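What follows is a short report on a single structure.
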Amino acid sequence: MRKMEVRDLGRMGYSQAFELQRKLVDERKRGLIPDQFLIVEHPHVITMGRNGHEENVLAGGPILERAGIEFHQTDRGGDVTYHGPGQIVGYPILDLKDWRRDVVAYVRGVEQAIIGALGDFGIVAGRVEGATGVWTDGAKIAAIGIHISRWVTSHGFALNVDTDLSYFQYIVPCGLTKPVTSVRELGNEATRAQVTARLIEHFARVFDREPAEPFLTTEIRRCTTS
């Protein structure tokens, strides 16, 4: 097993997290650090991926500004998505050369880790053919958008735990006119820390990594080790 450092960044702006990813990706490519798994919660932000369509942002800049929502273009795959309080955003920075040099297999692996973690809380989730992400009862609960350079990954997933879903009104999520949901909307009271702990465990299992915890909060560490 390769070591994977797990860093809980807390609440962090999108730009700051993006710059940190770029720095860590460069260090990972040069073999200066082990694999990383960043956990973060963003303030309200809409991001547009490389394959994004402007018409999927349903509100103009002034409206987004009044709603307290930032907008960023980014280099991940996929279309438009929303990040905000109550989400678990995961940014794995993994060197896939010793795993599988297969982009689709990596995305399926990320989906499987999320599906497994939700299953631990009795939430039956799965995939929808032709639509990347994780779904339950026809609604999207987790979005995925990645970037891979020289087989080192960045960007990742956003899982709705206790998210204010009304913010999705400003976009067509991932270009799909389908509903979104959250752990809380499904009637599950699991905390963000509890779900994060299960995500770490399942992610490490799927990608054959050994998680280390230098930057985990006390609450998440307690959930991971209990």
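None of the figures in this text is laboratory data; all of them are computed from the coordinates on show. Since the structure is predicted, the reported quantities are computational estimates derived from the model, not experimental observations.
Quick notes on this one:
- Cα gyration tensor, segment 2-225 - rounded (a/c under 1.5), prolate or oblate: rounded
- Listed by chain and number, the lysines placed with their C-alpha closer than 26 angstrom to that of Lys3 are Lys23, Lys29, Lys97; residues fewer than eight positions away on the same chain are left out.
- Beta bridges by DSSP in segment 6-104, antiparallel share as percent, to the nearest 5: 55 percent
- Relative contact order (%) - criterion: Cα under 8 Å, at least six apart; region: the chain: 25 percent
- Our estimate of slack between Arg30 and Val124, defined as 0.36 nm per intervening residue step minus the Cα-Cα distance, is 29.9 nm.
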